[in-house]
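These notes concern the structure reproduced below.
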Amino acid sequence: MRLYLLALNPTDSVTEGFLPASRRLGLDVTLLTDRPAAHRAAYPDVEVLDCDVRDFRAVVSRVSAHGAPEAVFTNSDHLQTQAALAADYFGLPAKDWRAALRTKDKAEMRRRLAAAGADAVRSVELAAWQEPSTAAAGIPYPCVVKPREGVASEDVVMAGNPAELVRRCEEIRARRPGAALVAEEYLPGELFTLETLGDGRVRHVLGGFRTELSSPPYFVEERLTYVPGHPPDVERQVLAQLDALGVGFGACHTEFVLHRGRARIVEVNYRAIGDQCDLLLAGLLDIPFFEHVLRTHLGEPLPPELGARTGGAARLDYPCADRAGTLTSAPGASEVEADGVKLTYRPLRGIGERHPVYRTNRDFLGVVRATGTDASAVDRAVTGFLAAQRWEITP
């Protein structure tokens, strides 16, 4: 069976998750990408074809010329609509392309939720030519400005007044010429995630994470702690908002804030959670998560019960660069198991690499992920590991 996998840059989710799962399922994988050299270097045993994957017409043409597909799939935020349209063209199981578009386009997501009566957030879409403070005159401060189709805290920043909003928009537009932005009211509360997996009929909730962020005005994720289950009313609120968006097929990673019992969606990433959280989740729950995701795209129903292991605790920490410069000293990859905790560290930036400060997850120097059955033991293991390491950046 032939699986066409759409990708931009290589990611851990694909390299360590979906490609090994494809092999276990006996699938022949053809990877379509506009960055073929990077993927061929990452996995030389996979067939990689050059394709303008941001254009669904190019994807349809490339697939049609190469050979009949049994599935068209992507785990990229940027390619969900294209993959859905291509799969639909070939009559294959897929996400509704409308839902994929609604979740990717943050302005459309807000409009859809408001029209459905699911949630109303004061927001405005800012075209590249619009003057921000005038167009956003009805938005209360502080507000948050972000790219309409951004991801991973990229260029997401708080503004405290109209002048600051103008300055922040100018900074983002300098990096993203022509990009549409969204300015919306700041939503107070604790930040959580909800991880779901569905086949269009059955939807499983896999728990989520409590997310700790950097200090405003930026929103860099620094730590995620596994939450086995949210209160039933909170879960119902989030799922109702996902229903309003039409989300229910395959994997979905939803970020929401909880304030005084009210859950409000911040962002919907209609794919598996990234930054190695999906790898942790699969091991913690002891389920073939990546295989389940691929099976939905092959038209196979999910089981009524996933048989997920319960009683687990987990935490991920991301040591971040706090200054621009060259990484001159850092720990290497390691795995440690002690006191019932399995801890894994993977570097995300190589020694000798020079970078500016991005104020996004591109500042991550590495990722520590730890799992066990006792949350206190997991916390001690991660805290102790981080205290014993040094990351040195030379200006």
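The values are calculated or read from the model by the stated rules, or taken from the named source; none is laboratory data. On a predicted model such as this, the values are computed, not experimentally measured, just so you know. Here the Cβ is made from the backbone with ideal geometry for all residues, glycine too, and neighbour counts use every protein chain on show. For accessibility, only protein heavy atoms count, side chains too; no ligands or nucleic acids. Shrake-Rupley method; radii C 1.70, N 1.55, O 1.52, S 1.80 Å.
What to note about this one:
- Sub-7 Å Cβ pairs linking a first residue in the range 146-168 that is modelled with pLDDT of 95 or more to a second residue that is basic (Lys, Arg) and open to solvent by less than 30 Å² (accessible area, probe 1.4 Å), at least 6 apart or interchain, are 146/106; 148/106; 156/146; 157/168; 159/168, ordered by first then second residue.
- Residue within the range 339-359 that is open to solvent by 10 Å² or more (accessible area, probe 1.4 Å) and under 29 Å from residue 109 (Cα atoms) present: yes
- Check on residue 369, outside any loop (DSSP other than H, G, I, E, B), of a type outside the set (A, V, I, L, M), touching a Phe, Trp or Tyr at 6+ places or on another chain (Cβ under 9 Å) and not assigned by the TED database to the domain that holds residue 211: yes
- The condition (being over 27 Å from residue 281 (Cβ atoms) and within 23 Å of the chain's Cα centre (by Cα)) is satisfied by just one residue among 14, 29, 72, 59: 59.
- Verdict on residue 275 being within 21 Å of the chain's Cα centre (by Cα) and assigned to a helix (DSSP H, G or I): no
- Among (1) assigned to a loop (DSSP other than H, G, I, E, B); (2) within 15 Å of residue 268 (Cβ to Cβ) - the single one residue 108 does not satisfy: (1)
- Sub-9 Å Cβ pairs linking a first residue in the range 375-395 that is touching a residue at least 24 places away in the same chain (Cβ under 8 Å) to a second residue that is open to solvent by 60 Å² or more (accessible area, probe 1.4 Å) and polar (S, T, N, Q), at least 6 apart or interchain, are 392/328; 393/328; 394/328, ordered by first then second residue.
- Looking at 21, 83, 87, 58, just one residue is free of Cβ contacts under 8 Å to residues at least 40 places away in the same chain and in a helix (DSSP H, G or I), and that residue is 58.
- Taking the numbered list (1) modelled with pLDDT of 95 or more; (2) farther than 20 Å from residue 275 by Cβ in turn, residue 385 passes all entries but (2).
- Cross-chain or 6+ apart pairs with Cβ under 9 Å, the range 332-343 first and under 19 Å from residue 375 (Cα atoms) and not assigned by the TED database to the domain that holds residue 372, then open to solvent by 100 Å² or more (accessible area, probe 1.4 Å) and of a type in the set (Lys, Arg): none
- Test result for residue 237, in contact (Cβ under 8 Å) with a residue 12 or more places away in the chain, under 29 Å from residue 155 (Cβ atoms) and in contact with a helix residue (DSSP H, G or I) (Cβ under 9 Å, 6 or more places away or on another chain): no
- Hey, residue 243 open to solvent by 10 Å² or more (accessible area, probe 1.4 Å), modelled with pLDDT of 95 or more and under 21 Å from residue 99 (Cβ atoms) or not: yes
- All of 98, 62, 122, 54 fail the test of being in contact with a helix residue (DSSP H, G or I) (Cβ under 8 Å, 6 or more places away or on another chain), modelled with pLDDT of 95 or more and open to solvent by 40 Å² or more (accessible area, probe 1.4 Å), apart from 54.
- Summed over the range 169-197, the residues that are within 13 Å of residue 145 (Cβ to Cβ) and in contact with a Phe, Trp or Tyr (Cβ under 9 Å, 6 or more places away or on another chain) give a count of 2.
- Failed criterion for residue 103 (all others in (1) free of Cβ contacts under 8 Å to residues at least 12 places away in the same chain; (2) open to solvent by less than 30 Å² (accessible area, probe 1.4 Å) hold): (1)
- The residue that is least open to solvent (accessible area, probe 1.4 Å), counting only those in the range 362-395 that are farther than 12 Å from residue 319 by Cβ and under 20 Å from the mean Cα position of the chain (by Cα), is 370.
- Test: residue in the range 216-229 that is in contact with a His (Cβ under 6 Å, 6 or more places away or on another chain) and more than 29 Å from residue 94 (Cα to Cα): no
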